[in-house]
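We did not get these values from a lab; they are worked out from the coordinates using the rules stated. Source: prediction; values computed, not measured. Quick reminder, even Gly has a Cβ in these numbers, built from the backbone with ideal geometry, and neighbours come from all protein chains shown.
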């Protein structure tokens, strides 16, 4: 279920440049539309040549970016001065606008929702496997005779539902149903070819 390494920050490069650890929750309450999904997937494809072109420069630029303060998580879609100064920003912004988005931030937030929904669809398909792993983890904890009782009780209380399943439940059903219509295209875009290992994620700063 691992996706290809496809930087989903601004114009797909913020995650690479700023090494954002996780996707921020979308604040939009509007329904995701087929037009948005089509435009976002087309934009993702069109940006790939630029990722390859500016990849080495972005890697060097990332080393100069100051990391956030402890406990502070960056919004991966915010257009900060650091993002605007990143190599290839203007070229990538042109691609985003050409595909109908107002700017990179709008595109990024649509992609956030698409990826969340796509991941949720995959999680639900593998739910029996995830539940089995959860039960195995609970059994290991219960069988551990060296673990203090209070610690064991706390861990078991947390392991009532697999975290991936809990996250999938929070994704709107309408988003999941819509993304499922683009499943073949998204599998080709986000999953590695058969027999090829998924790309390693960018190193954290």
Residue span residue 187 to residue 59: 0.36 nm per residue of separation minus Cα-Cα distance leaves a gain in nm of 43.4 nm
For segment 42-124, convex hull of alpha carbons as volume per residue, Å³:
125 Å³
For each of 77, 108, count neighbouring Cβ atoms within 10 Å of the residue's Cβ, then give the residues from fewest to most.
77, 108
Semi-axes of the equivalent ellipsoid of segment 55-202: what are they in whole Å, largest first, if each equals the square root of 5 times a C-alpha gyration tensor eigenvalue?
36, 23, 16
Sorting 183, 74 on the 10 Å Cβ count, fewest up front, what's the list?
183, 74
